[in-house]
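Engineer: Structure in structure tokens, see below.
Throughout, read-outs are computed from the coordinates displayed, never taken from laboratory work. Only a predicted model underlies this, so the values are computations on that prediction, with no experimental measurement involved. All Cβ positions, even for glycine, are placed from backbone atoms using ideal geometry, and neighbour counts span all protein chains on display.
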Amino acid sequence: MTFTRFLSLVDIQARMSLRADASRFFLGYIWWFLEPLLFVLIFYFIFDIVLESGRSDFLLFLICGNLPFMWFASSVSSSALSILVSKGLVGQIDIPKAIFPMAKIQEGLYKQAAVFLLLIAIVVSSGVAPSLHWLWLFPLIVTEYLIIVTCSLVGAMLVCFAKDFTLLISLTITFLMFVSGVFWDVRTLPNPEFTELFLLVNPLAFLFDGFRQVLLYNQPLDVAHLARLLVVCLVAAALVLGTMSRLDRVIATRVLAE
Amino acid sequence: MNEASNVLLSLQEIGLCYERRGSLFKRISHEILRGINLDLYRGETLGIVGRNGCGKSSLLRIMAGIMDPTSGSVLIEPDIHRAVLAIGLGFRPDLTGRDNAYLSSILQGNSKKQAKEYLGSIKQFSELGDAFEDPVKTYSSGMQSRLGFSTALFSHVDILFIDEVLSVGDGYFQKKALSAIKEKISGDQTVVFVSHSSASVKSICDRVIWLQDGVIKMQGEVTSTVRAYEKTL
């Protein structure tokens, strides 16, 4: 199968799912915005109102971390079972198994495009003036996309070998939510060395911090680090796609034996 | 043309054994197929008969390129499109019949344009009417197999593998499907037809393989092979 054909199949499936999804709910496409906003409100209620975070801009701060995090979390968790539930198709045609998680990721990407527009609208309406500096959002978004592809494909593949991985995947996502500075600021850690370490070791923490530095504080990014990260993620995503295509029939055999 | 150049697909000493993890330290090993040698010729309709659990579906999946055998080799002409038609499988329940037919058609190798053109014929042949626009999760198993069959009928695969699909649905549709397969076969469609029902095998196949406990028990001419198989039932 050629790469363009692969991409077109991924795109067709994603669009079909989105349409089917929208017709299933009374509020349809509104949920694209409503779901992430409700999550933000839950966090806001707990961390700002109940626990008194003490930041005046907590809501904006939270949105800039939480909306990108939810993109990661929902893509990875919805991809996890994507190959297993497509058992029927897997048993009918020899197609690249990466199509199934990639379709889920694509679905998430379309939704997230709307969410990013919402994010920008909220930031602008709160009084932050847009600037050319915001163009840095693009490499940040591309890097996050590549991380999502890598993690989702690895997850979906592992689940085919042992279903136990679904539990580990959801635990890992929860762990990542706590250590990636979604609702707390990695820059306010008492020990600055920890801040450095977090930003270095955890690419998600670096990205979420990056979104805030660009959108809220108009601060420059560590461009060298971002460039390195982008290259590493690109290589990782390509490696995982390659491995998956080599293991295609092994995966099929596992799925059909389930 | 000599016979060898007409071989589309050739299986050599195929064995299939799979290990399933029962729990952490327990592994259950199954030998499903062993020592299978088989040539599939262009344009023929090969029947595979055998009782449930004899390895028919696994053999079909290996021939269709969905699984690799654990031993032996599968030789196939380059650029051959293969697809399996099986009961009620391969559909996404949340999508409509139309979306599923379109998707399957493209997955089976049709272009977007071809797939769109076939949708009318698929809808008509499947006789689903307005249900074609409903999600597949609302379909009965008969309706699902009608949709699956119609989709496979209007796609250009070089080898069509049919797994028991004629045994469901009402008698009327079964007859219609059988005559559609016959029509397709009369062209140069190569078909591998798997069934435990000997009647449909007798009516459409040119050659039959009888599979028992993972080995080829007998193969060759339809009437005598099917008769021998029927005696064991």
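Engineer: Per residue of B:91-103, what is the mean number of Cβ atoms on other protein chains within 10 angstrom of that residue's Cβ?
Structural biologist: 4
Engineer: Run the reach check for B:K113 against aspartates and glutamates, Cα to Cα strictly under 18 Å, same-chain hits fewer than 8 apart removed. What comes back?
Structural biologist: A:D11, B:D99
Engineer: Using modelled backbone amide H atoms (1.01 Å from N, in-plane), which distant-in-sequence or interchain residues come within less than 5 Å of B:I48's amide H?
Structural biologist: B:F193, B:V194, B:S195, B:I209
Engineer: Once you place label points 7 Å from the Cα toward the Cβ at A:L51 and A:T174, how far apart are they in nm?
Structural biologist: About 1.5 nm separates the two model spin labels.
Engineer: How large is the helix-only mean residue ellipticity at 222 nm for the protein assembly as shown, computed as the sum of -39500 (n - 2.57) over DSSP H runs with n ≥ 4, divided by its residue count, in deg cm²/dmol to the nearest 500?
Structural biologist: Values: 18 runs with 267 residues, N = 491.
That comes out to -18000 deg cm²/dmol.
Engineer: What is the range B:90-233's relative contact order, in percent, from Cα pairs under 8 angstrom and six or more apart in sequence? Show your work: numbers first, answer last.
Structural biologist: Numbers: 161 pairs, mean separation 25.7, N = 144.
Once divided by the residue count of the range B:90-233, the mean separation gives 18 percent.
Engineer: Holding the Cα-Cα limit at 29 Å, pick out from B:K56/B:K112; A:K163/B:K116; A:K104/B:K56; A:K104/B:K112; A:K163/B:K56; B:K26/B:K217 the pairs that are longer than that.
Structural biologist: Working: B:K56/B:K112 33 Å; A:K163/B:K116 37 Å; A:K104/B:K56 33 Å; A:K104/B:K112 21 Å; A:K163/B:K56 27 Å; B:K26/B:K217 32 Å.
Among B:K56/B:K112; A:K163/B:K116; A:K104/B:K56; A:K104/B:K112; A:K163/B:K56; B:K26/B:K217, the Cα-Cα distance tops 29 Å for B:K56/B:K112; A:K163/B:K116; A:K104/B:K56; B:K26/B:K217.
Engineer: Starting from the Cα of A:V223, step 7 Å toward the Cβ, then list every residue of the range A:120-139 with an amide N under 17 Å from that point.
Structural biologist: Within reach of a label on A:V223: A:132-139.
Engineer: Further question: For chain A, just run the numbers: alpha carbon Rg, then divide by 2.2 N^0.38 Å, N being how many residues it has. Display every interim value, and only then the final one.
Structural biologist: Numbers: Rg = 19.1 Å, N = 258, 2.2 N^0.38 = 18.1 Å.
That works out to 1.05 for chain A.
Engineer: For the range B:31-110, what does the relative contact order come out to in percent, with C-alpha contacts under 8 Å and a separation of six or more? Intermediate values should be presented prior to the final figure.
Structural biologist: On the way: 26 pairs, mean separation 17.2, N = 80.
Answer for the range B:31-110 is 21 percent.
Engineer: Can you give the relative contact order of the range A:73-191 as a percent, counting alpha carbon pairs under 8 Å and 6+ residues apart?
Structural biologist: Numbers: 70 pairs, mean separation 48.8, N = 119.
The value is 41 percent.
Engineer: Rounded, prolate or oblate: which one fits the range A:1-58, using the alpha carbon gyration tensor with axes a ≥ b ≥ c (rounded when a/c is under 1.5, else prolate when a/b beats b/c, else oblate)?
Structural biologist: On the way: a/c = 5.70, a/b = 2.27, b/c = 2.51.
In terms of gyration-tensor shape, oblate.
Engineer: What does the structure give for B:54-60 when I average, per residue, the other chain Cβ atoms found within 10 Å of the residue Cβ? Let's see the in-between values first.
Structural biologist: Working: counts 0, 0, 0, 2, 3, 0, 1.
Across the residues of B:54-60, the mean count of other-chain Cβ atoms within 10 Å is 1.
Engineer: Counting GluC sites (Glu not before Pro) as exposed when in a DSSP loop with at most 13 other beta carbons within 10 Å, what is the longest stretch of chain B free of them? Walk me through the numbers on the way to the answer.
Structural biologist: Details: sites that count: B:E3, B:E221.
With GluC sites (Glu not before Pro) excluded where exposed in loops, chain B gives B:4-220 as its longest stretch.
Engineer: To the nearest 10 degrees, how steeply does helix A:31-44 sit against the main Cα axis of chain A, on a 0 to 90 scale?
Structural biologist: Rounded to the nearest ten degrees, it is 50.
Engineer: Turning to a different aspect of this structure: What do you get for chymotrypsin sites (Phe, Trp or Tyr not before Pro) in the range A:1-51 restricted to DSSP loop and a cutoff of at most 14 other Cβ within 10 Å of the site's Cβ? It would help to have the intermediate numbers written out before the result.
Structural biologist: On the way: sites: A:F3, A:F6, A:F25, A:F26, A:Y29, A:W31, A:W32, A:F33, A:F39, A:F43, A:Y44, A:F45, A:F47; in loops: A:F25, A:F26.
In loop regions of the range A:1-51 (DSSP not H, G, I, E or B), the sparsely surrounded chymotrypsin sites (Phe, Trp or Tyr not before Pro) are A:F25, A:F26.
Engineer: Specify the angular offset, from 0 to 90 degrees and rounded to the nearest 10, of the alpha carbon long axis of helix B:171-186 from the longest principal axis of the alpha carbons in chain B.
Structural biologist: The answer is roughly 70 degrees.
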